[in-house]
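Trainee: Just dropping this structure here.
A short reminder: the numbers here are calculations on the coordinates, not readings from a lab. Predicted model only: the values in this text are computed from it and were never measured. Virtual Cβ from ideal backbone geometry, glycine too; neighbours counted across all protein chains shown.
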2 protein chains.
Amino acid sequence: MSESQMRALGYQMVDKVVDHLMNRQEQPAIHTGSPTELRSALGGPVPLEAGNPEEVIRLLTESAFTHMQHGDHPRYFARVPGPSSFAAILGEWFATGFNVNVASWLGSSGPATLELVVCDWLRQLMGMPDRTEGVIVSGGSMASLTAMAAARTERGPGIVYISDQTHACIRRGLLAMGFPPGDIRVIPTDDEFRMSIQELSIAVLDDCGAGRLPLMVVATAGTTNTGAVDPIPEIADLCLASGMWLHVDGAYGAPAYICPEGEQLLNGINLADSLVLDPHKWLFQPYGAGCTLVRHPGLLADSFAINPEYLRDVGGDSDQVNFFDRSLELTRQGRAVRLWTTLRTYGVHRIQESIQRCLSLARYAQQKITESPETWRLITPAQLGILTFRLQPDIESASGKDVHTQLAARLSESGFAAVSSTTLKGQDVLRLCIINPLTTKDDINETLERLAAFVPLLSSF
Amino acid sequence: MSESQMRALGYQMVDKVVDHLMNRQEQPAIHTGSPTELRSALGGPVPLEAGNPEEVIRLLTESAFTHMQHGDHPRYFARVPGPSSFAAILGEWFATGFNVNVASWLGSSGPATLELVVCDWLRQLMGMPDRTEGVIVSGGSMASLTAMAAARTERGPGIVYISDQTHACIRRGLLAMGFPPGDIRVIPTDDEFRMSIQELSIAVLDDCGAGRLPLMVVATAGTTNTGAVDPIPEIADLCLASGMWLHVDGAYGAPAYICPEGEQLLNGINLADSLVLDPHKWLFQPYGAGCTLVRHPGLLADSFAINPEYLRDVGGDSDQVNFFDRSLELTRQGRAVRLWTTLRTYGVHRIQESIQRCLSLARYAQQKITESPETWRLITPAQLGILTFRLQPDIESASGKDVHTQLAARLSESGFAAVSSTTLKGQDVLRLCIINPLTTKDDINETLERLAAFVPLLSSF
């Protein structure tokens, strides 16, 4: 491709992305296509000859990207949104263009320094001790797996305690790591969906009594269902007393620790032996960045170091960190660039304000729910941006399918907004996750109004 | 940030990347900085206030990115290069800007279709059967781990056979998966660094005789050290006869299968139960893309499916693939966008030519080596772009450190080019990996000349 063509296509890309960012609130928050139609638009035989890049861009922007959830949309409240910010996008564009690989120190000293610096900034923001080490992997699932592998390296195999609200990636990760299903204990949660410290203590005592080794508790700092935070200080005490590792999964919730309100809610996460947070959630990064922080210096390298002969040129000295020794990846996309760019461009105060705004917006949504007792009943209050609620009174849909699922589906089909439905101890609920600072009160009002407007139509579902 | 500022910064990014692509051959192939200086330039306290984006960009481009290996540099011959192409960069820029997440079908039907289509194109190019399924993860390490987890799901635990040339990520992955070290057999290689089929057969028989279950052979289609290809058809026969899974790690080498010459060298890779290839190596993608292809439909989902209550809105029907069920990741960066853009823009013929050019360039380098018998001795011939050679006659450096390591280090320090040194059955060698189609014969000539010019200086090392 000629230089001028590359520049022109690049500018066009920038324009289309900026157009998307400026106009997203007028576009659907989510839209799903049919497999057949999408295959027909985007598939076909293996392309043998060169194609027109303009046509390729048209298909991407008018077909592929118009059939997806837009995690960065101000009315995308489903699952966990991905409100990526422009500085983060810009940083990642640079990393992609320069093809940054953070593997060996000798081959990536500049970008590796960015990753060291960013991990240390996150470490400080999370209140963890000086010598804590970090690594950025592809997301929360891999970040927790990385941390749990480090735990097993230090403590050996043993029993792992999770709760009935722990994210599904934890069990999946443990099973992939070869933990027998019988070594995973699911501790019930209390009425607020927090791991019951009493049940946990009993389970640990039981296992000790039976001669089994308790290895680790996975506490959640912001559950996906309700935003609940497990009683981390109490769990930390128990871990200390019984020699267990404390892993805190704060994939979506932990970043709120940087605001005073969040710090209170997340009290104790800095006691973790390992803490996971996802910059691609509440630190406004594009997808593909989960951070593992491990309190014990050197342990990540003890867990993952490799030393093959074909890497002997890049061994390096002790202050020269080889990031390929800190997780299961060798070649590693430079994921710290975007986060470094974000923190340097916006500064932490702006990010604090953005998170605080979301915490307040979720409380506003809660207020709107409680102001409509004829339609809604609040089930769990706004916690770290998440609240859940139910139709009031109970209504059965004609199909017998849960009405909340139907309402969420109707809203998604309309494209106006996206919310989740979920089940809390057998009770079906609607759920909003508000972590996008671009969301307005009007967005919340109208989303709730539109949901309510679907209710009379339920009998026809 | 204002719309005009975003556009201006975006254009500036495009210009800096295109400048890099146009002028890279005049820049160093690799440059390493000191931890202290880089920390001082890029570190500092957590940034609280907003910073000037121009200054941020300056630090990225003038400090971070000037201290790294440039895998896309035409004279970067070390480890495995990453010769990313502009169409791939452009595609990834789009995916980042639109924050593509390929997790559930309902939330990513467009981008999920791209991933289905791309995996199927790769499946066809690799000659694997129709119903083969694929998934794109962050790189070869995770791709092999994903495949090996699928193997264990289908066949249960058992003994894994690797060779003394198998990539280090395989053992690391197996250990992280909980395989006991004693369940990993390292099979010796023959004089051409290919897994010895005889030794493999003996080891398998031994294990069977002792009542142990052989699970899987990890064959390599292009070793990192020499580009050697294990005798895959024979290994496949043995696997079939003994019920073992055949995993083929073709992370760097497999893409060459799309050229007639490569197809011959890689004969039999399509017999694999699982095959890994890294688009971010020889398919010209920016870092962060490794592909797993699994012959057995449904097995990836059997291995990784999750079904938590908070994802019930996005369950989908059977022709609606939830990619979060195909690997250990839930939120998944849209890694197929860049590859789809590349294949549609350049077409396979152009990629074939590019790979073929590299195969020929490596043979040219071999010829240059053999034409200088007073300086070099060829150790392994050009295979899939890799060749190794030694100084002739044997020279000891003053420091006693291997001279080849010293030569590679000198060359890297000069910035002109980067080559690796490695050890082959106890013998130190220099190694070139030529997979960048932008490399010229002059690049090769001058790299060899400069290496030779360092030789008289060795006594002072």
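Trainee: In debye, nearest 20: dipole of region B:101-333 around its Cα centre with unit charges on the Cβ of K, R (+) and D, E (-)?
Mentor: Values: 14 positive and 28 negative charges, 93 e Å.
With Lys and Arg at +1 and Asp and Glu at -1, about 440 debye.
Trainee: Right, next: Please work out the FRET efficiency for the pair A:Glu55 and A:Asn23, using the Cβ-Cβ distance as r and a Förster radius of 25 Å; give the result to the nearest 0.05. Mind showing how you got there, number by number?
Mentor: Details: r = 23 Å, r/R0 = 0.90.
Efficiency at R0 = 25 Å is approximately 0.65.
Trainee: Go through region A:274-279 residue by residue and turn each phi into a ³J(HN,Hα) via Karplus (6.51, -1.76, 1.60, θ = phi - 60°); whole Hz please, and just put x for glycine and proline.
Mentor: Working through the residues one at a time gives 9, 10, 10, 9, 9, x Hz.
Trainee: Let me ask you something else. Could I have the simple spin-label model distance between B:Asp237 and A:Thr36, label points 7 Å from Cα toward Cβ, reported in nm to one decimal?
Mentor: 4.7 nm
Trainee: State the percent of C-alpha pairs, over all pairs in region A:289-335, separated by a distance greater than 14 angstrom.
Mentor: On the way: 577 of 1081 pairs.
The proportion of pairs with Cα distances above 14 Å equals 53 percent.
Trainee: Right, something else. Cut-off is 10 Å between beta-carbons; in what order do A:Arg79, A:Arg171 appear when sorted fewest neighbours first?
Mentor: A:Arg171, A:Arg79
Trainee: Rounding to the nearest 20 debye, state how big the charge dipole of region A:123-169 is about its Cα centre with +1 on each Lys and Arg Cβ and -1 on each Asp and Glu Cβ. Present the calculation step by step, with values, prior to reporting the outcome.
Mentor: Details: 4 positive and 4 negative charges, 17 e Å.
In debye, rounded to 20, region A:123-169 gives about 80.
Trainee: Hey, what did chain A get for relative contact order, percent, Cα under 8 Å, at least 6 apart?
Mentor: Here the relative contact order equals 21 percent.
Trainee: Put +1 on the Cβ of every Lys and Arg and -1 on every Asp and Glu Cβ in region B:101-333; which of B:Cys239, B:Gln264, B:Ala168 then has its Cα farthest towards the positive end of the dipole?
Mentor: Among B:Cys239, B:Gln264, B:Ala168, the one farthest towards the positive end of the dipole of region B:101-333 is B:Ala168.
Trainee: Okay, moving on. What nm distances, shortest first, do you get from the label point of B:Asn267 to those in the other copies when the point sits 7 angstrom along Cα to Cβ?
Mentor: 7.2
Trainee: OK, next. Evaluate peptide B:420-430: per residue, the Cβ atoms of other protein chains within 10 Å of its Cβ; return the mean as an integer. Could you put the intermediate results ahead of the total?
Mentor: Working: counts 6, 4, 6, 4, 2, 0, 1, 0, 2, 1, 0.
Rounded to a whole number, the mean comes out at 2.
Trainee: Given the options A:Pro393, B:Leu424, B:His70, identify the residue whose Cα lies farthest towards the positive end of the charge dipole of the protein assembly as shown (+1 on Cβ of Lys, Arg; -1 on Cβ of Asp, Glu).
Mentor: In the protein assembly as shown, that residue is B:His70.
Trainee: For region A:101-333, what value does the Rg/Rh ratio take when both radii are computed over Cα atoms and Rh is the Kirkwood radius, given to two decimals?
Mentor: Numbers: Rg = 17.3 Å, Rh = 17.8 Å.
Checking Rg against Rh, the ratio lands at 0.97.
Trainee: Convert each backbone phi in region B:406-422 into a coupling constant with the Karplus relation 6.51 cos²θ - 1.76 cosθ + 1.60 (shift: θ = phi - 60°), then list the ³J(HN,Hα) values in order as whole Hz, x for Gly and Pro.
Mentor: For region B:406-422, the Karplus curve yields 5, 5, 4, 5, 4, 5, 4, 4, 6, x, 4, 7, 10, 10, 9, 10, 7 Hz.
Trainee: Next question, about the same structure. Hey, got the Cα dimensions of the protein assembly as shown along the principal axes, in Å, largest first?
Mentor: So the three principal-axis extents are 92, 66, 53 Å.
Trainee: Return a whole-number percent for the relative contact order of region B:11-155, with Cα pairs under 8 Å and 6 or more residues apart as the contact set.
Mentor: Numbers: 73 pairs, mean separation 22.7, N = 145.
Dividing the mean separation by the residue count of region B:11-155 yields 16 percent.
Trainee: Among A:27-33, A:416-422, how do they line up from the highest to the lowest mean number of other beta-carbon atoms within 10 Å? List each step's numbers first, then the result.
Mentor: Details: A:27-33: 21.9, A:416-422: 24.1.
Going by the mean number of other Cβ atoms within 10 Å, highest first, we get A:416-422, A:27-33.
Trainee: While we're looking at this one, here's another question. Amide H to amide H, which residues 5 or more places from A:Trp245 or on other chains are under 5 Å from it, using H placed in the peptide plane?
Mentor: For A:Trp245, whose amide H was placed from the backbone, the distant partners under 5 Å are A:Met216, A:Val217.
Trainee: Sticking with this one: Find every distance from the label point of B:Asp15 to the corresponding label point in the other copies (7 Å from Cα along Cα→Cβ) and write them in nm, one decimal, shortest first.
Mentor: 1.7
Trainee: Using the structure shown, select from B:Lys16/B:Lys281; B:Lys368/B:Lys425; B:Lys281/B:Lys401; A:Lys401/A:Lys425 the pairs with a Cα to Cα distance greater than 27 angstrom.
Mentor: On the way: B:Lys16/B:Lys281 23 Å; B:Lys368/B:Lys425 24 Å; B:Lys281/B:Lys401 31 Å; A:Lys401/A:Lys425 18 Å.
With Cα atoms farther than 27 Å apart: B:Lys281/B:Lys401.
Trainee: Taking 2.2 N^0.38 Å as the expected size of a compact globular protein, what ratio does the Cα radius of gyration of region B:79-178 give against it, to two decimals?
Mentor: 1.30
Trainee: Whose Cβ in chain B comes nearest the axis that rotates B onto A, and by how many Å?
Mentor: Result for the axis mapping B onto A: B:Gly178, 1.
Trainee: Moving on to the next point. If you average the C-alpha positions of region A:154-173 and of region B:93-168 separately, how far apart do those two centres end up, in angstrom?
Mentor: For region A:154-173 versus region B:93-168, the Cα centre distance is 25 Å.
Trainee: OK, next. Using Cα pairs closer than 8 Å and at least 6 residues apart in sequence, work out the relative contact order for region B:101-333, in percent.
Mentor: On the way: 461 pairs, mean separation 66.9, N = 233.
Over region B:101-333, the number comes to 29 percent.
Trainee: Can you quote the Å³ per residue value for the convex hull of the Cα atoms in region A:348-460, rounded to an integer? Present the calculation step by step, with values, prior to reporting the outcome.
Mentor: Details: hull volume 10.7 nm³, N = 113.
Taking the convex hull of the Cα positions in region A:348-460, it is 94 Å³ per residue.
Trainee: Sum -39500 (n - 2.57) across every DSSP H segment of at least 4 residues in chain A, then divide by the residue count to get the 222 nm mean residue ellipticity, nearest 500.
Mentor: Working: 15 runs with 195 residues, N = 461.
For chain A, the value works out to -13500 deg cm²/dmol.
Trainee: Further question on the same structure: Could you give the distance between the Cα centres of region A:1-77 and region B:344-384, to the whole Å?
Mentor: The distance from the Cα centre of region A:1-77 to that of region B:344-384 comes to 37 Å.
Trainee: Something else: Considering only DSSP states other than H, G, I, E and B, which GluC sites (Glu not before Pro) in region B:42-86 qualify as loop sites with at most 11 other Cβ atoms within 10 Å?
Mentor: B:Glu49
Trainee: Mind putting a number on the dipole of the protein assembly as shown about its Cα centre? Charges go on the C-beta only, +1 for Lys and Arg and -1 for Asp and Glu, and I need it in Debye to the nearest 20. Please list the in-between numbers first.
Mentor: Working: 72 positive and 102 negative charges, 62 e Å.
Roughly 300 debye, rounded to the nearest 20.
Trainee: Kindly give the distances from A:Ser4 to its copy-mates, label point to label point, with each label point 7 Å from Cα along Cα→Cβ, as nm values to one decimal ordered shortest first.
Mentor: Result, one decimal in nm: 2.7.
Trainee: Can you tell me how chain A classifies by the Cα gyration tensor, rounded, prolate or oblate, using a/c under 1.5 as the rounded cut? The partial results should precede the final answer.
Mentor: Details: a/c = 1.74, a/b = 1.05, b/c = 1.65.
Oblate, since a/c reaches 1.5 and b/c is not below a/b.
Trainee: Which semi-axes, in whole Å and largest first, does the equivalent ellipsoid of region B:265-371 have when worked out from the alpha carbon gyration tensor as the square roots of 5 times its eigenvalues?
Mentor: Values: eigenvalues 273, 53, 30 Å².
The equivalent ellipsoid of region B:265-371 has semi-axes of 37, 16, 12 Å.
Trainee: Let me ask you something else. Compute the distance from the alpha-carbon center of region A:387-461 to that of region B:390-423, in whole Å.
Mentor: Region A:387-461 and region B:390-423 have Cα centres spaced 66 Å from each other.
Trainee: If you don't mind, there's one more thing I want to ask. Just going by the charge dipole of region A:348-460, with Lys and Arg at +1 and Asp and Glu at -1 on Cβ, which of A:Val455, A:Ile355, A:Ile444 is farthest out on the positive end?
Mentor: The residue sitting most towards the positive pole is A:Ile355.
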